[in-house]
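The structure appears below as structure tokens.
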Amino acid sequence: MQDAPESAFTPVAGLADAVPGFSPDEMDAVLRRCRALEEELRTIQAIQLTAVEQAPVGILVADARERRIRLASLKGLGLLGKDEAVCRNAPLHSWTLLHPDGTPFAPEERPLERAMCHGEVVETADALIVGLDGQQRHVSINAAPVRNGSGEIVAGVSVFLDITERRRLECQRTQTLTFFAHDMKSPLMGALALTRRLLEGKEGPLSGRQVENLEMVASLLDRVLTLSMDFLDVARMDQAGFTLAREPVALAPVLQALVREYGRRAEDKGLAFRAELDQNLPEVLGDRQRLMRMVANLLDNAIKYTAEGAVAFTVRRHGRELELCVQDDGPGLSQNDQDNLFEKFFRGDAGKGSEGSGVGLAAVKAIAQAHGGRVIGQNRPEGRGALFSIWLPLQAS
């Protein structure tokens, strides 16, 4: 265990005689009180040291002036790969810190440096630590500055969670689902094409009941195919293998087709559906199928999680950006939802107990970013429900 600081109190001989107006008994009482307070302080420090050492996460406390480690949890020492004798007082850059793609952090990029140099509070920075033993571990890092009474930064605290096993399991699950989705893609497309051929009457006339049943089959096949494509896109984004089939896309007919389809779905559920599209929407250079799927995922979620009320879809141009906005009258987003909204396989609080894969919003984010855009999810400012906005830069499309 790391020792608590030495006592700062040293009795001074003849102190009672040096303080006019105090009797020896009064000075003895003051000195006894000082000793009691000092002992209480040392006890508090020992508790704090033990709490840090035994914490189930990695904790490092660094001196801001000398840039050296002053205190570390046992978990932190384990992640760094050395014992206390080696790590205590070690320089901050004694181990390698890498971005998830394997490129090194520049010294000024390191979370603890950002906290001590600029006073930043860094949250959930994803990184790879190469410890002093050469072992590489995947961690999520938080860091914050420590200030004295004058507001000067005197230290920095870094808390890091070992997520190596979690990342390994995620990778394994992604690979399994990718193989499955890839193998399912061709037969699904074949079955959907055959169903549409039947609906078009190319194999003979159909009764009204047959048309109704085949439309239901086509809808279900289309949903499973969309899910398979979402899995593949999310996996390819992780593996840097995400490429777009770029072509000029006339947005108006694409979005109007989605409005008709999801307007019917909302109506079937007893919901109002409002759509407002700017006139003269621009033609963009992008992947038509993925753009449709990106918007369809948001509309599908809005209808799924709205029990009553309305779903609204608006598309507006703001200078060199296009905003596609979907809002609903559903339960909205909890804080946990907002923190993890676009993570792979994350199921929001409202989605627990209902069907879903947890990849739809991750696919929306992947497609938006591949087009040079971004997606934002939040609660509606005026009240109940969620609001999702996709922003696409027109000049990059």
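Scanning segment 286-336 for residues that are hydroxyl-bearing (Ser, Thr, Tyr) and crowded, with 17+ Cβ neighbours inside 10 Å, which turns out farthest from Glu382 (Cα to Cα)?
Only one residue tops the list, namely Tyr305.
Are there strands (runs of 3 or more DSSP E) fully within segment 312-397 with at least 1 residues that are at pLDDT 85 or above and basic (Lys, Arg)? List them.
Result: 374-379.
Select, from Glu343, Glu321, Glu308, the only residue that is free of Cβ contacts under 8 Å to residues at least 24 places away in the same chain and out of contact with any Ser or Thr (no Cβ under 6 Å at 6 or more places or on another chain). Walk me through it before giving the result.
Details: Glu321 fails: free of Cβ contacts under 8 Å to residues at least 24 places away in the same chain; Glu308 fails: free of Cβ contacts under 8 Å to residues at least 24 places away in the same chain.
Answer to the selection: Glu343.
Going by the conditions given, is Glu283 within 19 Å of Trp391 (Cα to Cα) and without any contact (Cβ under 8 Å) to a residue 40 or more places away in the chain?
Values: within 19 Å of Trp391 (Cα to Cα): yes; without any contact (Cβ under 8 Å) to a residue 40 or more places away in the chain: yes.
Criteria met by Glu283.
Mind checking which residues of segment 98-115 are farther than 20 Å from Ala155 by Cβ, within 20 Å of the chain's Cα centre (by Cα) and not in a loop (DSSP other than H, G, I, E, B)?
Leu98 - this is the single residue of segment 98-115 that is farther than 20 Å from Ala155 by Cβ, within 20 Å of the chain's Cα centre (by Cα) and not in a loop (DSSP other than H, G, I, E, B).
Residues in segment 8-28: is at least one under 20 Å from Val159 (Cα atoms), at pLDDT below 75 and surrounded by fewer than 15 Cβ atoms within 10 Å (Cβ to Cβ)?
No, the conditions are met nowhere in segment 8-28.
In segment 168-190, what residues are within 14 Å of Ser228 (Cα to Cα), at pLDDT 75 or above and of a type in the set (A, V, I, L, M, F, W, C)?
Residues satisfying the conditions are Met184, Leu188, Met189.
Can you tell me how many residues within segment 139-165 are part of a helix (DSSP H, G or I) and without any contact (Cβ under 8 Å) to a residue 24 or more places away in the chain?
1
Return only the number of the condition from (1) over 30 Å from Ile153 (Cα atoms); (2) in a loop (DSSP other than H, G, I, E, B); (3) at pLDDT 65 or above that Arg65 does not satisfy.
(1)
Does Val295 satisfy the criteria of being among the β-branched types (Val, Ile, Thr) and in contact with a helix residue (DSSP H, G or I) (Cβ under 6 Å, 6 or more places away or on another chain)?
On the way: among the β-branched types (Val, Ile, Thr): yes; in contact with a helix residue (DSSP H, G or I) (Cβ under 6 Å, 6 or more places away or on another chain): yes.
So Val295 passes the test.
From the set of residues in segment 227-272 that are surrounded by fewer than 19 Cβ atoms within 10 Å (Cβ to Cβ) and among the polar types (S, T, N, Q), which is modelled with the highest pLDDT?
The residue in question is Gln256.
The values are calculated or read from the model by the stated rules, or taken from the named source; none is laboratory data. This is a predicted model, so every value here is computed, not measured. Heads up, the Cβs are rebuilt from the backbone with ideal geometry, glycines too, and the neighbour counts pull from every protein chain shown.
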